[in-house]
Amino acid sequence: MRPSVLSARFLLLLALLLPPLALSAQASAAKRGERRAETEKVVQTVIQGGAVPAAVSRLRYLREEPYAAEIITDSLRRVLEERVRRNLVAVLAGLDTRSAEGSLVRLAGDGDSTVRMYAAQGLARLKSRNVQVLVPLLADKSSGVRRDAARALGASRNPKMGKALMAAAKEEQELEVRAVMLAAAGETGDAKQVKPLKEYLTNDSESTRFAAARGLCRLGSPEGFSFANKLLGAEDRFVRRQGLELFEGVAAKKATPALKPLLEDKDRGLAASAARILYQGGDSAMLDWLVLASWNAKGEEKLSYEKELETLQLQDDRRKAILRRAGVAQ
């Protein structure tokens, strides 16, 4: 076939395809325009006194978080009322979008302690590596700021922050804040903090002992696991759940010896939580276990599994794929 004929056919095919493609692109642009228009309305609602949780939920549903962060950052330059500024920063922190990080870093040095606290919360959600703005906040006059700065430093997974957190914990008078600092020190992954954390296992404060054990567990320390296993062996249901909580954030390889037996526990809520922790720690098979356990369960027992699956934000299509793979659903 001659090149001229091929060229003519190609042009004809292109002419047939272009209108549908153009219409599809126009429809997509129109939908995005609608989402952005609603995003602007939601932010305006917050400025007018609307509830922060509802705004965050709606903005995340619209999936225009970067655009929302841009609008909020621009609005903060003009808004002067203290309550409105705080609410806008709270929404910005809740968006969990990297686009907000620069603004949150700047706001961490704001003159308003509530704004600093929300900024630290947002940086913690992002697991921000901008630790230089957070370290000074460990000595902030506000206990809420100190607490959330510690959480953010732990979430950064920066081993260099372990020493700073332990030093701050030594000076901290508020038990709740000290507990967060100790747990965060372990979360940084700084193995050098095992020894100072062990010293807190005999502290007079229960919350301090528990936090030190949590930090040790996150560092893979035998002393931390021993503390947790004693709680798991208790008769009291609440105490056992405290022991399980200590394994949050621990790698599945290290948590398996203690948690795998719990999958057969008569407390199905405990079993479901153990499976979820193992999955988050890297054992992918535990997601299938949770889905199938929920499929076969009824009543309150089913709710125990669904609660953990909701925590994991499992999508319906993935659930269906697991059930199909197991041969129990179409």
Criterion violated by residue 96 - all others in (1) under 25 Å from residue 32 (Cβ atoms); (2) touching a residue at least 24 places away in the same chain (Cβ under 8 Å); (3) in a helix (DSSP H, G or I) satisfied
(3)
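Could you tell me whether residue 109 is closer than 26 Å to residue 159 by Cα, assigned to a loop (DSSP other than H, G, I, E, B), of a type in the set (Gly, Ala, Ser) and open to solvent by 50 Å² or more (accessible area, probe 1.4 Å)? Write out each step before concluding.
On the way: closer than 26 Å to residue 159 by Cα: yes; assigned to a loop (DSSP other than H, G, I, E, B): yes; of a type in the set (Gly, Ala, Ser): yes; open to solvent by 50 Å² or more (accessible area, probe 1.4 Å): yes.
So residue 109 fits the description; yes.
Being closer than 28 Å to residue 183 by Cα, within 18 Å of the chain's Cα centre (by Cα) and surrounded by fewer than 20 Cβ atoms within 10 Å (Cβ to Cβ), is that true of even one residue in region 259-268?
So in region 259-268, the residues closer than 28 Å to residue 183 by Cα come out as 259-263, 265, 267-268.
With the extra rule that they be within 18 Å of the chain's Cα centre (by Cα), the set shrinks to none.
Scanning region 259-268, I find no residue that is closer than 28 Å to residue 183 by Cα, within 18 Å of the chain's Cα centre (by Cα) and surrounded by fewer than 20 Cβ atoms within 10 Å (Cβ to Cβ), so the answer is no.
When you go through 310, 300 one by one, which is the residue that is more than 23 Å from the chain's Cα centre (by Cα), assigned to a helix (DSSP H, G or I), surrounded by fewer than 16 Cβ atoms within 10 Å (Cβ to Cβ) and of a type in the set (D, E, K, R)? Before the answer, list the steps.
Details: 310 fails: more than 23 Å from the chain's Cα centre (by Cα).
Answer to the check: 300.
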Could you give every pair whose Cβ atoms fall below 8 Å, whose first residue belongs to region 173-196 and is more than 18 Å from residue 221 (Cα to Cα), and whose second residue is assigned to a helix (DSSP H, G or I) and β-branched (Val, Ile, Thr), counting only separations of at least 6 or pairs across chains?
175/208; 178/208
Positions within region 232-258 being closer than 18 Å to residue 276 by Cβ, open to solvent by less than 50 Å² (accessible area, probe 1.4 Å), touching a Leu at 6+ places or on another chain (Cβ under 8 Å) and not aromatic (Phe, Trp, Tyr), in sequence order:
232, 240, 242, 243, 244, 246, 252, 255, 256, 258
Note on region 167-208: residues hydrophobic (A, V, I, L, M, F, W, C) and either within 23 Å of the chain's Cα centre (by Cα) or not in a helix (DSSP H, G or I) (or both) are 177, 179, 180, 181, 182, 183, 184, 185
If the Cβ limit is 7 Å and pairs must be 6+ apart or interchain, which residue in region 291-302 that is on the phi < 0 side of the Ramachandran plot pairs with which residue that is part of a helix (DSSP H, G or I) and basic (Lys, Arg)?
291/319; 294/302; 301/268
Please find, within region 270-285, the residue that is nearest to the chain's Cα centre (by Cα) out of those that are in contact (Cβ under 8 Å) with a residue 12 or more places away in the chain and open to solvent by 10 Å² or more (accessible area, probe 1.4 Å).
280
Subset of region 298-328 [within 16 Å of residue 275 (Cα to Cα) and of a type in the set (Val, Ile, Thr)]
311, 322
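Return the residues of region 52-88 that are of a type in the set (Asp, Glu) and either surrounded by 20 or more Cβ atoms within 10 Å (Cβ to Cβ) or within 12 Å of residue 38 (Cα to Cα) (or both); say none if nothing qualifies. First the steps, then the outcome.
At the first step, the residues of region 52-88 found to be of a type in the set (Asp, Glu) are 64-65, 70, 74, 81-82.
Result: 64, 65.
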What number of residues in region 115-139 are open to solvent by 20 Å² or more (accessible area, probe 1.4 Å) and assigned to a loop (DSSP other than H, G, I, E, B)?
3
Across region 211-237, what is the number of residues that are part of a helix (DSSP H, G or I), within 14 Å of residue 199 (Cβ to Cβ) and not aromatic (Phe, Trp, Tyr)?
7
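The values are calculated or read from the model by the stated rules, or taken from the named source; none is laboratory data. Here the structure is a predicted model, which is why all the values come from computation and not from measurement. Neighbour counts are summed over all protein chains in view; Cβ atoms, including those assigned to glycine, are modelled from backbone coordinates with ideal geometry. Ligands, DNA and RNA are excluded from the accessible area calculation, which covers all protein heavy atoms including side chains. Shrake-Rupley method; radii C 1.70, N 1.55, O 1.52, S 1.80 Å.
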